[in-house]
1. Taking Ser72 as meeting all but one of (1) assigned to a helix (DSSP H, G or I); (2) surrounded by fewer than 24 Cβ atoms within 10 Å (Cβ to Cβ), write down the number of the exception.
2. For region 208-235: of the residues being of a type in the set (Ser, Thr, Tyr) and modelled with pLDDT of 95 or more, which is nearest to Pro157 (Cα to Cα)?
3. Does Leu112 satisfy the condition of being at pLDDT 95 or above, in the same structural domain as Leu209 (by TED's automatic domain parsing) and surrounded by fewer than 20 Cβ atoms within 10 Å (Cβ to Cβ)?
4. Have a look at Glu238, Glu205, Glu196, Glu179 and point out the one that is at pLDDT below 95 and assigned to a helix (DSSP H, G or I).
5. Would you confirm, using the coordinates I've provided, whether Pro57 is surrounded by fewer than 19 Cβ atoms within 10 Å (Cβ to Cβ), closer than 18 Å to Pro143 by Cα and not aromatic (Phe, Trp, Tyr)?
6. Considering only residues that are polar (S, T, N, Q) and surrounded by fewer than 17 Cβ atoms within 10 Å (Cβ to Cβ), look in region 183-239 and name the one that is farthest from the chain's Cα centre (by Cα).
7. Considering only region 80-105, state which residues are charged (D, E, K, R), surrounded by fewer than 23 Cβ atoms within 10 Å (Cβ to Cβ) and not in a loop (DSSP other than H, G, I, E, B).
8. Of all residues in region 2-59, how many are closer than 24 Å to Arg132 by Cα and among the acidic types (Asp, Glu)?
Amino acid sequence: MTNFIITLAGHSLPISARYADTARCFPAPDPDAPLAAIPPIALSDADWEESLRLGMPDNAHTEYSTLTANCSDALLAFDCVILHAAALRWQDRAWLIVAPSGVGKSTQTKTLQELLPGQVTVICGDRPVLVRRGSEIWVHPSPWNGKEDWHGAEAAPLGGLILLKRGAENRLYALNEQEAILPLYAAFIQTYATTETVAQVAAFEDALLRAVPTWLLVSNTVPDSTRCLVDGIFSSSELQGS
């Protein structure tokens, strides 16, 4: 085993990895971030076997990717969790585009940047860290930036959630908490190892849905669906003035 430290949202976490090369998948830790007083995070045999069963290669990159859920579980102790979403920054706020892999988060991100040149940057392309600070949710970068490796924008308070799905139309809908709760919960990265952590994620989701508005973007064609975002959210004078 190889032991090293990673830093997520200001917390340094100890990692125990099977592969020495796994440490190279992560940036150098922040020397000023406090080290969490927890046992080293490591994949169980069951975690590893499940990754291989799903067809992932037996290598360091698979370990780096699979560790996300274990790190997310550990972060719950600090009121943080990892979400499967593209995290964008616009008007000093973070905006999350939430969808399963392959639905179009990256396409929407790229098209938003084309329609709003110089206005939209990326905090994290795939799995940002969410942090609860009082009544606000903050969005932080993580080492898991997706295949495009989009990142670079600073952490910001969350402005809103955009749940993305494909459909027969291009339309943006406002959702209430009840409508958003099931699809959003599926996007939280977790191991589901204990009832305690599952309940903690549910409590975090409740705080998240109470903190910001949520929309559903139905996308049939791009850039037409992306223009629904621009017209409905990213050109809103009310939001720009918030």
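The values are calculated or read from the model by the stated rules, or taken from the named source; none is laboratory data. Predicted, not measured: the structure shown is a model, and the values here were computed from it. Don't worry about glycine lacking a Cβ; one is built from the backbone with ideal geometry, like all the others, and counts go over all protein chains shown.
1. Every listed condition holds for Ser72 apart from (2).
2. If we take residues in region 208-235 being of a type in the set (Ser, Thr, Tyr) and modelled with pLDDT of 95 or more, then Thr214 is nearest to Pro157 (Cα to Cα).
3. Considered against the rule, which asks whether it is at pLDDT 95 or above, in the same structural domain as Leu209 (by TED's automatic domain parsing) and surrounded by fewer than 20 Cβ atoms within 10 Å (Cβ to Cβ), Leu112 comes out as no.
4. Glu238
5. no
6. Taking the candidates together, the pick is Ser237.
7. Arg89, Arg93
8. The number of residues fulfilling the criteria is 2.
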